[in-house]
Amino acid sequence: MQTPFSYRFYETVQNLRATLAAGITMVRDAAGADVGIKKAVADGLIPGPRPQISLTLLSQTGGHGDGWFPSGQTVEFWPVYPGMPDGLVDGPEAMRRKVRELVRPGPTSSRSPPAAASSPPPTTPATPTSATTS
């Protein structure tokens, strides 16, 4: 929340460099990288493994990519900006339209979590999230 918007791009350069230094030559981004990162690596502007990007996570309202919380607050996990469209879709026609929008600039994959995989309900001490061992 306190980090400037563009800071994440500079972090990406460091992460790509470290990944390449570890010997990894291809990576798959499940959400968050834009076509500019792919082009910068391909053009040799920044060192890094060859990225396969999906731009944004496709999610239904209330799913993994929906930043709405029961408090009424919304947290943008992947902020919308030119080249990074919103990934919320509801229904088959909206999904087809969004996939067409995403493949237009040239990502190499799309990412949508399973429909049943939504955020878990809030937990309280009465409903632990993991089993304890004795």
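Enumerate by residue number the chymotrypsin sites (Phe, Trp or Tyr not before Pro) in the stretch 1-64 meeting two conditions: DSSP loop (anything except H, G, I, E, B), and at most 10 other Cβ atoms within 10 Å of the site's Cβ.
Values: sites: PHE5, TYR7, PHE9, TYR10; in loops: PHE5.
Listed in order of number, the matching sites are PHE5.
What residues have an amide H closer than 5 Å to that of VAL27, excluding those fewer than 5 places away on the same chain, when H is modeled at 1.01 Å from N in the peptide plane?
Result for VAL27 returns ARG50, GLN52.
What's the exposure ranking of MET84, MET26, MET95, going from fewest to most Cβ atoms within 10 Å?
Details: MET84 19, MET26 9, MET95 15.
Placing the least packed residue first, the sequence is MET26, MET95, MET84.
Against the globular-protein guess of 2.2 N^0.38 Å, express the Cα radius of gyration of the stretch 7-103 as a ratio, rounded to two decimals.
Numbers: Rg = 15.2 Å, N = 97, 2.2 N^0.38 = 12.5 Å.
Scaled against compact globular proteins, the figure is 1.22.
Filter the GluC sites (Glu not before Pro) in the stretch 1-100 down to the DSSP loop ones having no more than 11 other Cβ atoms within 10 Å, then list what survives. Let's see the in-between values first.
On the way: sites: GLU11, GLU76, GLU93; in loops: GLU76.
Qualifying residues, ordered by number: GLU76.
Note down the nm distance, to one decimal, between modelled labels 7 Å out along Cα→Cβ at MET95 and at THR3.
For MET95 paired with THR3, the spin-label model returns 3.1 nm.
Read-outs throughout are calculated quantities, based only on the coordinates presented, and are distinct from any laboratory measurement. Here the structure is a predicted model, which means the values were calculated and not measured. As a convention, Cβ positions derive from the backbone with ideal geometry for all residues, glycine included, and neighbour counts pool all protein chains shown.
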